[in-house]
Amino acid sequence: MAALPATSDTRLFVRSIVKRVHPDLFPNNYYERQINAESLKLLNVYLDKLKNRERPSPVRLEFHVKGGEEATLTKISAFLSGNANLAPLFYAFGLIDHQRLQQEEAAFGGLQPADDRDLFAFLHETVTEALQTAQRHETIKLHIRKMRLSLEDRFKLSSVHVGAEFAASFREQEREVEVLQVLDQTLSTMSTIDCEGVSLQLYHPEVREARERGVQGRSVVNRVQLMISCECGSHSCP
């Protein structure tokens, strides 16, 4: 396997691709999110082989990316052979032109120089970090869902929603967990209020939706208590 064309370019290209296909960028598109995650895993295995100076198995990668400001998604496919040439992936994402693709394909062959091992290790680490971040996001999302279902079951609520439909960052997820914890404590202490059959939509005071509803400046505890009083009691909502 021949050396990669330019170490700096390769690092930049892989970072650029990971930023465009990271699963956390597609909270509203479950299918495309999963496809991207699976392809990142395949790419990670491919790079792990190269890092260990082993010949990888050929692999076809499929990713979905957002088309500029449009809501539509575009599918990008690339086939990587077993010769360590990442140029087809870079070409598929428009990072190199067809002429350079042909040059790189013609140049690859023989044994992989040891100089490339550090580069492949870096590429493997970059993709691994993206996968770990996506997995952590998914784990917290599952935890939030379990908290919501538990609240609905224990307090006979019709539904519980917190924040936007999908949280795009760990900070947003932490806010959702905080609100749900306060909701649990509030419902447990306000035993005289009957919330059976009630649907609750809560927002952390720091998020944009809360500001739009004029509830910024209130603590999470005060906001949740007010919501419970409005929805389950006799008070009128602001």
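Check whether at least one residue in the stretch 57-75 is in contact (Cβ under 8 Å) with a residue 40 or more places away in the chain, part of a loop (DSSP other than H, G, I, E, B) and not β-branched (V, I, T), and report yes or no. Looking for residues that are in contact (Cβ under 8 Å) with a residue 40 or more places away in the chain, part of a loop (DSSP other than H, G, I, E, B) and not β-branched (V, I, T), one finds none in the stretch 57-75, hence no. Cβ-Cβ contacts under 7 Å between residues 6 or more apart (or on different chains), taken from a first residue in the stretch 9-25 that is in the same structural domain as K66 (by TED's automatic domain parsing) and within 25 Å of F170 (Cβ to Cβ) to a second residue that is of a type in the set (F, W, Y) and outside any helix (DSSP H, G or I), are listed as I17/F93; V21/F63. E196 meets each of the listed conditions (1) at pLDDT below 85; (2) in a helix (DSSP H, G or I); (3) of a type in the set (D, E) apart from (2). On inspection, A84 fails the criterion of being assigned to a strand (DSSP E or B) and in the same structural domain as I35 (by TED's automatic domain parsing). Of all positions in the stretch 31-51, none carries a residue that is surrounded by 15 or more Cβ atoms within 10 Å (Cβ to Cβ) and in a loop (DSSP other than H, G, I, E, B). V65 fulfils the conditions (1) surrounded by fewer than 16 Cβ atoms within 10 Å (Cβ to Cβ); (2) over 22 Å from N52 (Cβ atoms) except for a single criterion, (1). Of the residues making up the stretch 144-158, those that are touching a helix residue (DSSP H, G or I) at 6+ places or on another chain (Cβ under 9 Å) and surrounded by 13 or more Cβ atoms within 10 Å (Cβ to Cβ) are I144, M147, R148, S150, L151, F155, L157.
The values are calculated or read from the model by the stated rules, or taken from the named source; none is laboratory data. Since the structure is predicted, the reported quantities are computational estimates derived from the model, not experimental observations. Neighbour counts are summed over all protein chains in view; Cβ atoms, including those assigned to glycine, are modelled from backbone coordinates with ideal geometry.
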